[in-house]
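The values are calculated or read from the model by the stated rules, or taken from the named source; none is laboratory data. All of these numbers come straight from a predicted model, not from anything done at the bench. All Cβ positions, even for glycine, are placed from backbone atoms using ideal geometry, and neighbour counts span all protein chains on display. Just the protein is used for accessible areas: all its heavy atoms, side chains included, with ligands, DNA and RNA removed. Shrake-Rupley method; radii C 1.70, N 1.55, O 1.52, S 1.80 Å.
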Amino acid sequence: MQDQVFHLVITCNPEGDLAKQTAELQSYRFLMPPEAEDQSLAMTGSFSSMLLAVLLMGRLDELPSLEKAVQQFAERGRALLNEHVESLKKFAELDFTRAVFLGSGPRLGIARESHLKLQELTDGHVVCKYDSFLGFRHGPKAVIDDQTLIVYLFSEDPVRIAV
């Protein structure tokens, strides 16, 4: 049965242990371009590029038609950062020692990654949690105090705002 298990290894570091172990496994190694390998602990660019790679791998037969959408997505990200730089600076200057990221459904994974990134980028000075909207209602909400930033990751679908 084990000989029927295959692995897809996506990595930014061709010299890392994960990349080197692929020879021992029944696997395919997908290396990201060198520009995708961050040197920081948070690895935000690495995460984004690997996530995009996974999303596109699921739609290989559509790659030519998705190129424009990927370019638009990148342009919207740049525009968001440029247009909201003052608001982002104000958020960065807020005095908070805790942060909670809430998301449900597909946004729960982004809530988890967001909590890790903020905690990493602040060297652990901001302690973070993540949860679903429903899951946070009980015990976990006890972490909220007057220095807690709460980030809600809502759906754009008006019927399923928090789902």
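Assorted remarks:
- Residue within region 10-29 that is of a type in the set (A, V, I, L, M, F, W, C) and touching a Phe, Trp or Tyr at 6+ places or on another chain (Cβ under 6 Å) present: yes
- Scanning region 133-144 for residues that are out of contact with any strand residue (DSSP E or B) (no Cβ under 7 Å at 6 or more places or on another chain) and open to solvent by less than 40 Å² (accessible area, probe 1.4 Å) turns up just one, Gly135.
- Every condition in (1) assigned to a helix (DSSP H, G or I); (2) surrounded by 15 or more Cβ atoms within 10 Å (Cβ to Cβ) is met by Lys129 except one, and the failing one is (1).
- Residue satisfying all of: in region 121-146; farther than 19 Å from Asp95 by Cβ, of a type outside the set (Asp, Glu) and under 16 Å from the mean Cα position of the chain (by Cα); modelled with the highest pLDDT among these: Tyr130
- Scope region 36-58; condition touching a helix residue (DSSP H, G or I) at 6+ places or on another chain (Cβ under 8 Å) and open to solvent by 100 Å² or more (accessible area, probe 1.4 Å); matching residues: Leu41
Matching residues to (1) free of Cβ contacts under 8 Å to residues at least 24 places away in the same chain; (2) of a type in the set (A, V, I, L, M); (3) buried (at least 16 other Cβ atoms within 10 Å of the Cβ):
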site: Lys89; (1), (2), (3): yes, no, no
site: Leu102; (1), (2), (3): no, yes, yes
site: Leu121; (1), (2), (3): no, yes, no
site: Asp146; (1), (2), (3): yes, no, no
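- Which listed residue, of Leu149, Leu118, is modelled with pLDDT of 90 or more and under 16 Å from Ala42 (Cβ atoms): Leu118
- Contacts under 7 angstrom Cβ, first residue in region 53-65 being over 19 Å from Thr11 (Cα atoms), partner surrounded by 11 or more Cβ atoms within 10 Å (Cβ to Cβ) and aliphatic (A, V, I, L, M), 6 or more apart: Arg59/Leu66; Leu63/Leu56
- Residue, least open to solvent (accessible area, probe 1.4 Å), within region 20-35, restricted to residues that are among the aliphatic types (A, V, I, L, M) and under 19 Å from the mean Cα position of the chain (by Cα): Met32
- Qualifying residue in region 19-29 (condition: touching a residue at least 40 places away in the same chain (Cβ under 8 Å) and out of contact with any strand residue (DSSP E or B) (no Cβ under 9 Å at 6 or more places or on another chain)): no
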